[in-house]
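Structure first, then comments.
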Amino acid sequence: MSETIETSSETITLTIDGQEIQAEAGQTILQAAQKNGIYIPTLCALHATKENGLESDIAPGTCRICTVKVNGRTMAACTTPVAQGFVVENDTEELNDLRKTIVELLFVEGNHFCPSCEKSGSCDLQALAYRYQMLSPRFRYAFSSREVNAESPKLLFDRNRCILCRRCVLAITTEDGKQLFGFTKRGDKSGIIMDEELVKNISEEQAQQAMHICPVGAIIRKEKGFDTPFGQRKYDHNPIGSETVCTTCNGEKS
Ligand code: SF4
Ligand code: SF4
Ligand code: FES
């Protein structure tokens, strides 16, 4: 399982949905797709940007929303390195139905009441539900009741919205490298724990970064959650997937 990704300069040729693209050895299928302006959905993998403060891409490989078929076999695009001649299927009815199923399962597994959620309009899970036209999940709700921790002066941590993506575990650290979030237990008991002592003293930038990195509304910067007005939220004008721009042609082809 890949968590941070390194590349080299050898050129690899592969196809995604019949389109021939070039990639660097060591890149994942997801990175190659993003570089060529091809959208593959993600929830746990995150491309490093100045805005999110990451120094390199992360790919915990936990959500499986990026599942593609590689030479006929299902693989996670964010953790599978490219190889010469790969034939990748991505935007197909079968894979999109699988992705819709994952979104539905995530909705029923937690408690998601979008109209009252601070992340609504900027939430990747909600945006994917719109993308895959989820009206009502086909599965029974689990009605989970997990602890909501509001003790930190800067962060609200609502485990009922957490999708266990592990982004926070990998990406949110103190200046001296201590992790603020950790993973605990296994199976249906697994969850995220927050180091309450460390979180008490985090800076404004770290608190903002934590909220930004969480793809859903599990980590919310207190007093800032509803700051972005309707019409200016992340997905108010451009649905998820529309932001992918080919970095080779600067969007001229897409
Ligand atoms: S975290 Fe996302 S999906 Fe869940 S309630 Fe908030 S907006 Fe809706
Ligand atoms: S708190 Fe957010 S970032 Fe951390 S595992 Fe849960 S959903 Fe992912
Ligand atoms: S984005 Fe690939 S497993 Fe989550």
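The values are calculated or read from the model by the stated rules, or taken from the named source; none is laboratory data. Keep in mind it's a predicted model, so treat the numbers as computed, not measured. All Cβ positions, even for glycine, are placed from backbone atoms using ideal geometry, and neighbour counts span all protein chains on display. SASA here: full protein model, heavy atoms, side chains in, ligands and nucleic acids out. Shrake-Rupley method; radii C 1.70, N 1.55, O 1.52, S 1.80 Å.
Quick notes on this structure:
- For the set D188, D124, solvent exposure ranked by accessible area (probe 1.4 Å, protein chains only) runs largest to smallest as D188, D124.
- Most mobile of P229, P239, P153 in a GNM of the chain (Cα contacts under 10 Å): P229
- Largest accessible area first, the residues R221, R233 order themselves as R233, R221 under a 1.4 Å probe with ligands, DNA and RNA left out.
- In Å², nearest 10: area of S145 left accessible to a 1.4 Å probe: 110 Å²
- For the range 140-236, the square roots a ≥ b ≥ c of the C-alpha gyration tensor eigenvalues yield an a/c of 1.5 or more together with a/b not exceeding b/c, which makes the shape oblate.
- Here the average projected area of the convex hull drawn through the C-alpha atoms of the chain stands at 14.2 nm².
- Only one residue of V108, L43, T74 has its Cα farthest out toward the positive end of the dipole of the range 28-125, where Lys and Arg carry +1 and Asp and Glu -1 on Cβ, and that residue is T74.
- Our estimate of slack between T184 and E223, defined as 0.36 nm per intervening residue step minus the Cα-Cα distance, is 11.2 nm.
- Carbon and sulfur %, accessible surface of the range 147-188 computed with the full protein complex present, 1.4 Å: 45 percent
- Computed with every protein chain present, the accessible area of Y141 is close to 100 Å² [probe 1.4 Å].
- Gain upon complete extension [I193, N96; 0.36 nm per residue less C-alpha separation]: 31.7 nm
- Considering only C117, C165, C63, the Gaussian network model of the chain with Cα springs below 10 Å gives its largest mean-square fluctuation to C117.
- Accessible area of K224 in the full protein assembly, 1.4 Å probe (Å², nearest 10): 70 Å²
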